[in-house]
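Derivation of every value follows stated rules applied to the coordinates shown; laboratory data play no part. For clarity, every value in this text was computed on a predicted model and none was experimentally measured. Here the Cβ positions follow ideal geometry from the backbone for every residue, glycine too, while neighbour counts run over all protein chains shown.
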Amino acid sequence: MTVLVLVLLLSPLLAQKPDPPLPAYEASAKKAREVLERAVQALGGRAYLGVRDLYQQGRTSRFYRGSPSGVGAPFHRYWKAPDKERIEHFKQRDWIIIHSGDLGFDVTFRGTLKEDAADLAEYLRRRNHSLDTLLRQWLSSPDLMLSYQGLALSDRKQVEKVTLLRPGFHTVVVFVDTASHLPLRTFYTFRDPQTRELVEEGEAFDNYKLVQGINTPHNIVRTRDGEMMRQHFVSSVEYNTGIPDAQFQATVT
């Protein structure tokens with residue numbers, strides 16, 4: 001009797017079949033999403049995703065063939081979700097670049113002009129493939145395709161390599177530190193409209209510091225085809241200060 005009862009109790013369990021393994025592409029996408037979601041949590045989770053605006057101060061330097069070209073200049077940067085930005089250059093803050101939506105303006109003591117078309121196209125391309133855009137917008141998009149590329153090394157740190165792709169956009173690769181789960185680098189390739197050659201653009205993030213519950217990189221390097229083009233040293237950051245829309249308004253004079 002005891003054996004019969006035991007068999008009856010175990011029969012439903014024995015009849016259950018284990019879940020079939022996910023197809024390779026689904027398993028890869030699931031792993032990639034897990035890596036990116038850990039990165040969001042490492043950056044601050046809700047605090048990071050809930051950023052409405054920010055104000056930064058720091059210095060920026062340009063590079064030519066890997067070497068600094070000139071002395072670094074101070075900058076003041078205002079940003080407001082989802083697509084407004086104002087950067088004031090130099091100590092006198094007398095050169096200002098404003099972006100609002102898909103419009104760009106170049107403001108100097110001479111007046112306000114529309115931003116050069118090539119400069120605006122470069123800015124929009126960078127913005128559309130930036131880390132913040134990837135994690136705050138792409139990750140929740142239903143048309144996002146993900147792929148886990150395994151482990152790699154970046155600046156002598158072990159990273160997990162994840163690829164993101166959305167229709168109409170370029171493929172973006174993100175390197176995430178396996179120890180801290182913080183993003184260390186992004187890059188994507190595009191075809192130069194003039195030379196028709198493939199170009200790789202990217203950004204590297206370092207010197208993270210916790211600001212208002214958000215892990216914030218204070219050293220950001222912009223690269224092209226593996227060479228440093230610009231470096232930002234952030235000295236201070238403030239989040240959600242209520243920056244008014246008027247900061248991002250401009251009229252061509």
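Checking the cross-link pairs 157/209; 31/157; 84/209; 84/157; 31/80 against a 28 Å limit on the alpha carbon distance flags 84/157; 31/80 as lying beyond it.
Computed over segment 78-197, relative contact order equals 11 percent, with contacts defined as Cα pairs under 8 Å that lie 6+ residues apart.
Could you pull out the longest piece of the chain with no exposed loop chymotrypsin sites (Phe, Trp or Tyr not before Pro) in it, calling a site exposed if DSSP puts it outside H, G, I, E, B and it has at most 15 other Cβ atoms within 10 Å? Counting at most 15 other Cβ atoms within 10 Å as exposed, the longest clean stretch of the chain is 110-253. Residues considered: 195, 216, 178. Largest GNM mean-square fluctuation over the chain, using C-alpha springs under 10 Å, is found at 195. For the pair residue 178 and residue 137, label points projected 7 Å from Cα toward Cβ lie 3.3 nm apart.
Residues in segment 135-146 carry Karplus couplings, in order, of 7, 8, 10, 4, 5, 9, 7, x, 9, 6, 10, 10 Hz; the curve used is 6.51 cos²θ - 1.76 cosθ + 1.60 with θ = phi - 60°, and Gly or Pro positions show x.
Shown here for segment 155-253: trypsin sites (Lys or Arg not before Pro) in loop regions (DSSP other than H, G, I, E, B) with at most 15 other Cβ atoms within 10 Å, namely 156, 196. Here Rg and Dmax of the Cα atoms in Å was computed from the coordinates, and among (1) 17.5, 55; (2) 23.1, 98; (3) 20.1, 71 the match is (2). Give the relative contact order (percent, whole number) for segment 22-248; include only Cα pairs under 8 Å separated by 6+ residues. This gives 23 percent for segment 22-248. Here the sum of -39500 (n - 2.57) over DSSP H runs of 4 or more residues, divided by the residues of the chain, equals -6500 deg cm²/dmol at 222 nm, to the nearest 500. Here the extension length gained between residue 37 and residue 117 equals 25.2 nm, from 0.36 nm per residue of separation less the Cα-Cα distance. Placing +1 on each Lys and Arg Cβ and -1 on each Asp and Glu Cβ, with no other charges, gives the chain a dipole about its Cα centre of roughly 340 debye.
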